[in-house]
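Take a look at the structure below.
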Amino acid sequence: MGDYDEDTAFLGETGPYFWTTFFLLNTVFVSTGFNGLYIVFVGAAPKHHCLIPDVNLTEEWRDAIVPFRIVDGEAVQSQCSRYKLDVVRNLSAEGYIPGRDVNLTNLEEEGCLDGWNYSRDIYQSNIVTEVRINVHMCVLHKVRVMKVFSFPFSFCLCHFYFFSQWDLVCDNKWKVPFASSTLFVGYLVGSLISGQLSDRFGRKKVVFISLAAQCVAVLLQSFSHSWRMFCIMFLFVGASQISLYISAFVLGTEVLSKTMRVLFTTLGAFLFYCIGYMTLPWIAYGIREWRTLLAVLSTTSVVYIPLWWFIPESPRWLITQGRVEEAEAIVRDAARKNKVEAPSVIFKQSQRQGMPQFKTYTMLDILKSKNIRCITLMCLLLWMAINMGYFGLSLNTSNLSGDPFMNCFLSATTEVPAYVVSTWLLKKCPRRALLSSFLVIGGGVLLLIQFIPDTLHSVALALEMTGKFGFTMAFSIVYIYTAEIYPTVLRNVGMGMCSSAARIGSITAPYVIYLGTYNKVLPYILMGSLTIAASVVNFFLPETLNKDLPETVEQMQECQGLCNGPKKKKYVENGGTSNAPLQHEVKSDVPTLNV
């Protein structure tokens with residue numbers, strides 16, 4: 001496939017065909033933005049306390065039956081217990097006054113046996129507060145089964161429903177982070193299968209099949225009658241969403257020209273994802289009922305149906321399948337739209353005869369070399385720490401003080417300058433120092449935020465957004481840095497292992513946030529400490545700025561100081577002209593680059 005760019009050079013680097021394909025493909029990433037993190041609102045726990053049934057209680061005892069707890073120096077009603085109802089009812093009937101005649105601290109407590117009262121100030125309903133009470137109903141129907149004899153026959157048509165109460169609070173609070181984790185488990189599954197599917201059936205087909213699967217999965221999730229069904233459908237949402245992202249990413253890098261490809265991979269996909277992410281809180285603000293919200297989000301995929309007739313299949317993939325005539329037809333259509341003349345024969349005979357076979361490398365090849373083992377372990381730690389911090393802060397926006405919709409919007413907005421700045425800095429700054437700097441910013445802010453007084457909400461929010469900026473910068477840098485470290489023969493395998501570590505970090509993130517229910521500073525301490533440790537480890541990785549991409553294992557650079565043994569000869573520098581080859585090399589390995 002190395003001659004494809006040369007054979008299609010007559011199309012130019014820009015033009016109507018490339019710009020149209022660029023924008024149409026990028027619009028697909030908008031859906032991944034607002035379908036990826038709606039759990040922030042759907043799984044948020046509103047203020048709640050035990051439900052007090054309609055029994056004979058005086059007004060004083062009805063107000064006092066829920067005990068108060070001191071939380072962060074403030075007295076708040078207990079969320080998970082009440083004073084024993086039978087005892088309180090007897091005391092109320094005998095005319096005792098709480099606090100004056102009865103010392104409340106001596107009363108026995110019990111759980112919320114009758115359910116909970118939830119605040120409706122922010123959310124009308126979500127999976128935490130979900131309560132569905134359905135009834136059994138029978139209707140008498142009379143039909144004539146034998147019209148000739150006018151014989152009437154009666155039967156009861158019964159509708160059987162059930163009582164379903166989710167109440168994901170107190171003892172069931174763990175179910176919310178579990179539900180969040182199923183999304184990221186779906187990411188892991190989708191990452192493993194999407195590349196194989198697109199290689200077998202084509203990039204374009206997988207893009208639109210994934211769009212349809214995402215639409216159906218979210219729609220079915222809105223009809224979930226239980227928490228288990230919600231989690232199962234969330235897994236399919238994650239798998240289809242990451243499959244959509246990867247397939248569209250691969251299709252864009254293979255269809256677009258070299259110049260457009262760089263813009264697409266560094267800014268286009270990320271920025272359009274941010275547009276969807278920034279749109280999500282406004283949709284959620286207008287729709288406070290979770291089932292309606294998911295149904296609306298699912299139907300947005302319908303607008304992508306017309307794109308089937310405007311987005312082409314990858315000519316590169318068609319050539320690898322021996323379908324050269326179809327590839328030429330797409331390229332000739334591109335030439336017509338760009339108003340250039342195509343040659344009579346576009347692709348060389350060597351490409352029509354198939355691709356040469358190369359040795360396939362596996363994970364076992366990484367284990368053979370101590371240097372590669374060390375580098376891989378350090379990269380795994382980096383990817384896991386960055387993904388845990390990024391998704392941890394993204395999921396934590398509903399727990400911040402202030403308006404959750406505005407917090408989510410601000411969290412999404414901080415990603416836009418992060419992607420722009422990182423793209424600019426990568427052209428001239430050392431990767432190792434750049435990545436460590438932003439890891440220190442992200443981790444340091446997380447460690448600092450616990451010392452901010454509760455009264456300074458705006459300061460805490462500003463620090464949280466700064467941390468999100470640092471993690472987003474690190475997120476975008478680590479992709480290109482890791483691809484530059486591994487040689488071409490191991491780049492797919494190495495990036496695949498790092499991507500798996502990233503999924504582990506994202507799956508763990510909801511549980512790290514869950515620790516905040518025990519102590520609000522625990523998530524910040526854990527994520528901050530792991531991030532600082534990763535920034536230190538990063539300094540032992542080799543620097544790749546102004547270095548040619550290594551092609552073989554022998555050309556791979558040594559890590560700095562952690563791996564013993566004789567130093568291999570460094571790969572020859574090229575005087576700062578490696579940026580263009582980098583983009584050319586990375587695009588061939590895109591199937592393993594996923595978020």
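The values are calculated or read from the model by the stated rules, or taken from the named source; none is laboratory data. Owing to the predicted nature of the structure, the values given are computational and were not obtained by experimental measurement. Cβ coordinates were reconstructed from backbone atoms using ideal geometry, including for glycine residues, and neighbour counts include every protein chain displayed. What goes into the accessible areas is simple: the full protein's heavy atoms, side chains included, and nothing from ligands, DNA or RNA. Shrake-Rupley method; radii C 1.70, N 1.55, O 1.52, S 1.80 Å.
For the pair Asn546 and Arg69, label points projected 7 Å from Cα toward Cβ lie 5.8 nm apart. Within the stretch 53-103, the GluC sites (Glu not before Pro) that combine a DSSP coil assignment with at most 13 other C-beta atoms in a 10 angstrom radius are Glu94.
The stretch between Thr58 and Met406, if pulled fully straight at 0.36 nm per residue, gains 121.2 nm over its current Cα-Cα span. Spatial offset of the stretch 26-87 relative to the stretch 439-478 amounts to 28 Å, using the alpha carbon center of each. Inter-label distance, Thr259 to His457: 5.0 nm, where each label sits 7 Å from its Cα along the C-beta direction. For the stretch 396-500, trypsin sites (Lys or Arg not before Pro) are listed when DSSP marks them as loop and at most 15 other Cβ atoms sit within 10 Å of their Cβ; the list is Lys427, Lys428.
Roughly how many percent of the accessible protein surface of the stretch 207-323 is carbon and sulfur, given a 1.4 Å probe and a whole-percent answer? Reported share for carbon and sulfur atoms: 77 percent. The trypsin sites (Lys or Arg not before Pro) found in the stretch 21-103 that occupy coil by DSSP, while having at most 14 further C-beta atoms within 10 Å, are Lys47, Arg100. Highest mean packing first, where packing is the average number of other Cβ atoms within 10 Å per residue, the peptides 443-449, 219-225, 388-394 line up as 388-394, 443-449, 219-225. Simple rule: put +1 on each Lys or Arg Cβ and -1 on each Asp or Glu Cβ in the stretch 42-118, find the dipole, and look at Ala45, Ser81, Leu57; the Cα lying farthest toward the positive end is Ala45.
Listed peptides 400-406, 261-267, 473-479 appear in the order 473-479, 261-267, 400-406 once ranked by packing, highest mean of other Cβ atoms within 10 Å at the front.
Sorting Met378, Met229 by accessible area (1.4 Å probe), largest first, what list results?
Numbers: Met378 10, Met229 50 Å².
Of Met378, Met229, the descending order of accessible area is Met229, Met378.
When the pairs Lys370/Lys427; Lys258/Lys427; Lys258/Lys428; Lys258/Lys547; Lys204/Lys258; Lys258/Lys337 are compared against a 22 Å limit on Cα-Cα distance, Lys370/Lys427 fall above it. Highest mean packing first, where packing is the average number of other Cβ atoms within 10 Å per residue, the peptides 237-245, 108-116 line up as 237-245, 108-116.
Please find the FRET efficiency linking Glu110 to Thr413, where r is the Cβ-Cβ separation and R0 is fixed at 51 Å, and quote it to the nearest 0.05.
Working: r = 46 Å, r/R0 = 0.90.
Once rounded, the FRET efficiency stands at 0.65.
Inter-part distance, the stretch 307-327 to the stretch 221-269, computed on C-alpha centroids, equals 20 Å.
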